[in-house]
Amino acid sequence: MALEITDATFEETVLKSDKPVMVDFWAAWCGPCRMVGPIIDEIGKEYEGKAVVGKVDVDANQEFAAKYGVRNIPTVLVFQNGEVVGRQVGVAQKSAYTDAIDALL
């Protein structure tokens with residue numbers, strides 16, 4: 001299961017992590033987000049202990065979505081050492097997300 005990340009926990013959870021981090025920026029009303037959500041949850045389980053996988057509800061948490069230029073959702077960002085190293089906008093196959101994490105492990 002993916003972590004619920006908020007504006008309040010983003011810096012500690014994402015930017016200060018010593019592991020690769022995948023963040024799904026989504027909203028409850030977004031149809032494509034509901035397609036990506038279960039994939040992100042699955043990846044969260046598979047990469048537990050190896051990477052941090054989380055979700056940010058952009059309706060409730062807009063600070064970091066704005067900071068990283070998230071204009072369309074779903075947008076999945078991959079971070080390493082506090083820097084964005086990957087971006088996937090829209091729905092993609094699971095392998096597109098796992099390949100991004102695998103490249104950092």
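The values are calculated or read from the model by the stated rules, or taken from the named source; none is laboratory data. Predicted model only: the values in this text are computed from it and were never measured. Positions of Cβ are generated from backbone atoms using ideal geometry, with glycine treated the same way; all protein chains shown enter the neighbour counts. Quick note on the areas: whole protein, heavy atoms, side chains included, nothing else; ligands and nucleic acids left out. Shrake-Rupley method; radii C 1.70, N 1.55, O 1.52, S 1.80 Å.
Could you identify which residue out of Val53, Val23, Val89 has the top mean-square fluctuation in a GNM of the chain using Cα springs shorter than 10 Å?
The residue with the greatest mean-square fluctuation here is Val89.
May I ask for the net charge around Cys33, where only other residues with Cβ less than 13 Å from the Cβ of Cys33 are counted and Lys, Arg are +1 while Asp, Glu are -1?
Charge balance in the 13 Å sphere: -2.
Can you work out ³J(HN,Hα) from phi for every residue in the range 89-97, in order, using Karplus 6.51 cos²θ - 1.76 cosθ + 1.60 and θ = phi - 60°, giving whole Hz and x for Gly and Pro?
3J(HN,Hα) across the range 89-97, in whole Hz: 9, x, 7, 9, 5, 3, 4, 4, 7.
Taking a probe of 1.4 Å, how large is the accessible area per residue of the chain, in Å²?
Dividing the accessible area of the chain by its residue count gives 52 Å².
Count charges around Gly44 for me, please; just the other residues with Cβ under 10 Å from its Cβ, Lys/Arg as +1, Asp/Glu as -1.
Its environment carries a net charge of -3.
Pick out which of Ala60, Ala51, Ala92 has the largest mean-square fluctuation in a Gaussian network model of the chain, springs linking Cα atoms closer than 10 Å.
Ala60
Under the Karplus relation 6.51 cos²θ - 1.76 cosθ + 1.60, θ = phi - 60°, what is the ordered set of whole-Hz ³J(HN,Hα) values for the range 24-30, x standing for Gly and Pro?
9, 8, 8, 8, 4, 7, 8
Could you list the trypsin sites (Lys or Arg not before Pro) in the range 1-104 that lie in coil according to DSSP, counting only those with at most 14 other Cβ atoms within 10 Å of their Cβ?
Counting only loop positions with at most 14 other Cβ atoms within 10 Å, the trypsin sites (Lys or Arg not before Pro) in the range 1-104 are Lys16, Lys50, Arg71.
Could you compute the net charge surrounding Lys55? Neighbours are other residues with a C-beta less than 10 Å from the C-beta of Lys55; K and R count +1, D and E count -1.
With Lys, Arg at +1 and Asp, Glu at -1, the neighbours total -4.
The range 16-98: which GluC sites (Glu not before Pro) are DSSP loop and have at most 13 other beta-carbon atoms within 10 angstrom?
Taking the range 16-98 and a limit of 13 other Cβ atoms within 10 Å, the loop GluC sites (Glu not before Pro) found are Glu48.
Largest first, please: the extent of the C-alpha atoms of the range 3-103 along each principal axis, to the nearest Å.
Computed over the range 3-103, the largest-to-smallest principal extents equal 31, 28, 20 Å.
Which chymotrypsin sites (Phe, Trp or Tyr not before Pro) in the range 15-64 sit in a loop by DSSP (not H, G, I, E or B) and have at most 16 other Cβ atoms within 10 Å of their own Cβ?
Trp29
Where nothing but the Cβ of Lys and Arg (+1) and of Asp and Glu (-1) is charged, how large is the charge dipole of the chain around its Cα centre, in debye to the nearest 20?
Charge dipole of the chain: 260 debye, to the nearest 20.
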